[in-house]
Amino acid sequence: MNIFFYIILLALLLEYSLGLLSSLLNLKALKLKPPAELEGIYPEDEYRKSQQYTRTNTRFALISGTFSLLVLLAFWFSGGFNFLDQFVRSFGFGPIVNGLLYIGILSVAYMLITLPFSIYATFVIEERFGFNRVTPRTFILDRVKGFMLAILLGMPLLAGILAIFEYGGAYAWLYCWAAVTVFMLIVQYIAPTWIMPLFNKFTPLEDGKLREAIFEVARKADFPLKNVFVMDGSKRSGKSNAFFTGMGRNKRIALFDTLIEKHTVPELVAVLAHEIGHYKKKHISQGIVISILHMGLLFFLLSLFISSSGLHEAFFMSQQSVYTGLVFFGLLYTPVEMVLSVIINMLSRKNEYAADRFAVETTGEPQSMADALKKLAAGNLSNLTPHPFYVFLNYSHPPVVERVRAIFKG
Ligand SMILES: [Zn+2]
């Protein structure tokens with residue numbers, strides 16, 4: 001039992017307790033009536049259903065979170081990390097293959113352990129609340145495709161990182177940072193054309209009033225819009241959304257088919273103007289710069305601890321290696337990650353207000369933006385009264401009532 005042991009254990013327990021506390025506060029914050037600004041967005045029984053949805057999801061997250069933590073602690077305290085390492089080493093491969101096997105086995109085991117939870121979330125919870133459109137076939141295909149991507153993209157990346165730390169000397173973290181940055185930019189660039197179509201169909205929005213209105217607002221915003229895509233979100237869920245992906249000439253805006261079904265043309269134009277706002281206000285490039293800097297910090301800290309014998313002792317290891325150092329550092333990083341995610345969420349919520357403001361200024365229609373947000377919240381059974389502490393920890397978007405307030409405050 002050394003200092004690393006206690007730091008990691010405390011961090012895991014702290015993360016868990018904060019999650020538990022914020023969830024309980026969130027449940028207590030459920031109100032009998034929606035906030036005045038949002039009056040009438042749900043019929044009364046729909047409002048009750050939205051609260052039931054929050055309760056069910058919160059309970060489910062607590063159960064699955066408790067289970068994951070207990071499995072991790074049991075594996076750790078029983079010497080599982082060392083046992084798996086001895087097993088992997090018994091094949092007599094070199095350090096890189098050992099690392100791929102070690103991390104591969106851990107990842108597959110994690111996937112299998114959490115599989116019943118994803119099945120339950122999709123086919124029981126989402127089903128009960130009328131959102132689920134996933135067929136067992138799609139569910140299985142999604143898993144298979146995800147696995148193939150992990151093999152095709154994740155494995156070479158991991159092998160590269162392990163090799164650089166194994167043979168790269170004192171500046172390994174810098175080489176890793178450069179390599180992963182290039183890798184990430186390439187993936188971002190090819191995602192809209194190569195990766196996302198593996199999971200969804202993207203069709204160009206057909207000619208008509210909506211398309212005309214959208215190109216009109218893009219012109220007003222001075223945004224070089226080439227095409228808008230409709231994504232078959234209805235393949236998996238009745239929930240709706242819109243988003244911006246890709247970079248440079250490969251950037252595109254996608255609207256879920258479920259969004260187009262439920263919203264009026266002015267509302268859709270407002271949503272689109274909001275997405276353009278993210279681009280014009282440089283939130284997209286900001287996000288990329290932040291993740292590059294984050295990666296630099298991550299690899300620098302990793303280089304300090306990856307070959308620490310104390311860190312290995314904390315996991316009862318009999319031999320030390322780069323790949324186990326990588327795994328244990330991931331756990332040691334928990335508190336840093338927690339703090340960073342709070343900061344990044346804060347920034348993201350600020351950006352959402354800015355994008356809303358941009359949309360209102362561009363379209364000149366605050367009511368359409370507010371209506372779109374309300375309809376989205378109602379359609380997705382969003383929690384209208386989340387507790388501020390829960391928002392602080394978890395929300396990347398401000399609660400809808402605050403966005404509506406901000407829109408009319410101007
Ligand atoms: Zn946004």
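The values are calculated or read from the model by the stated rules, or taken from the named source; none is laboratory data. All values reported here derive from a predicted model rather than from experimental measurement. Methodologically, a virtual Cβ is constructed for each residue, glycine included, from the backbone with ideal geometry; neighbour enumeration extends over all protein chains shown. What goes into the accessible areas is simple: the full protein's heavy atoms, side chains included, and nothing from ligands, DNA or RNA. Shrake-Rupley method; radii C 1.70, N 1.55, O 1.52, S 1.80 Å.
For every residue, the table says whether it meets (1) closer than 21 Å to residue 276 by Cβ; (2) open to solvent by less than 50 Å² (accessible area, probe 1.4 Å); (3) modelled with pLDDT of 95 or more.
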position	(1), (2), (3)
368	yes, yes, yes
391	no, yes, yes
394	no, no, yes
399	no, yes, yes
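For the stretch 275-320, how many residues meet the condition of being within 16 Å of the ligand (Cβ to nearest atom) and of a type in the set (Asp, Glu)?
Total satisfying the criteria: 1.
For residue 260, are the conditions met, namely being away from the ligand (no atom under 16 Å from the Cβ), touching a strand residue (DSSP E or B) at 6+ places or on another chain (Cβ under 7 Å) and open to solvent by 20 Å² or more (accessible area, probe 1.4 Å)? Walk me through how you get there before you give the answer.
Details: away from the ligand (no atom under 16 Å from the Cβ): yes; touching a strand residue (DSSP E or B) at 6+ places or on another chain (Cβ under 7 Å): yes; open to solvent by 20 Å² or more (accessible area, probe 1.4 Å): yes.
Yes; evaluated as a whole, the condition is true for this residue.
When you scan the stretch 326-410 for helices (runs of 4 or more DSSP H) that lie fully inside it, which ones turn up with 2 or more residues that are of a type in the set (Ser, Thr, Tyr) and within 16 Å of the ligand (Cβ to nearest atom)?
Working: elements: 334-363, 366-379, 388-394, 400-409.
Result: 334-363.
To keep it simple, each residue is scored yes or no on (1) open to solvent by less than 60 Å² (accessible area, probe 1.4 Å); (2) in contact with a His (Cβ under 9 Å, 6 or more places away or on another chain).
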| site | (1), (2) |
| --- | --- |
| 1 | no, no |
| 19 | yes, no |
| 25 | yes, yes |
| 35 | yes, no |
| 40 | no, no |
| 54 | yes, no |
| 57 | yes, no |
| 64 | yes, no |
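Return the pairs, sorted by first residue and then second, in which the second residue is of a type in the set (A, V, I, L, M, F, W, C) and exposed (fewer than 15 other Cβ atoms within 10 Å of the Cβ), the first residue lies in the stretch 50-62 and is in contact (Cβ under 8 Å) with a residue 24 or more places away in the chain, the beta carbons are less than 8 Å apart, and the residues are 6+ apart or on different chains.
Hits for this filter: 62/20.
For residue 6, work out the one condition from (1) loosely packed, with under 14 Cβ neighbours inside 10 Å; (2) within 21 Å of residue 388 (Cβ to Cβ); (3) hydroxyl-bearing (Ser, Thr, Tyr) it doesn't fulfil.
For residue 6, the exception is condition (2).
Which of the following residues is open to solvent by 40 Å² or more (accessible area, probe 1.4 Å) and either touching a Gly at 6+ places or on another chain (Cβ under 7 Å) or at pLDDT 95 or above (or both): 331, 347? Quick ask: steps written out before the conclusion?
Numbers: 331 fails: open to solvent by 40 Å² or more (accessible area, probe 1.4 Å).
After applying the criteria, what remains is 347.
Before we move on, is residue 278 over 30 Å from residue 226 (Cβ atoms) and either part of a helix (DSSP H, G or I) or of a type in the set (D, E, K, R) (or both)?
On the way: over 30 Å from residue 226 (Cβ atoms): no; either part of a helix (DSSP H, G or I) or of a type in the set (D, E, K, R) (or both): yes.
So residue 278 fails the test.
Return the residues of the stretch 161-209 that are touching a strand residue (DSSP E or B) at 6+ places or on another chain (Cβ under 9 Å), among the aliphatic types (A, V, I, L, M) and surrounded by 18 or more Cβ atoms within 10 Å (Cβ to Cβ); say none if nothing qualifies.
196, 205 - these are the residues of the stretch 161-209 that are touching a strand residue (DSSP E or B) at 6+ places or on another chain (Cβ under 9 Å), among the aliphatic types (A, V, I, L, M) and surrounded by 18 or more Cβ atoms within 10 Å (Cβ to Cβ).
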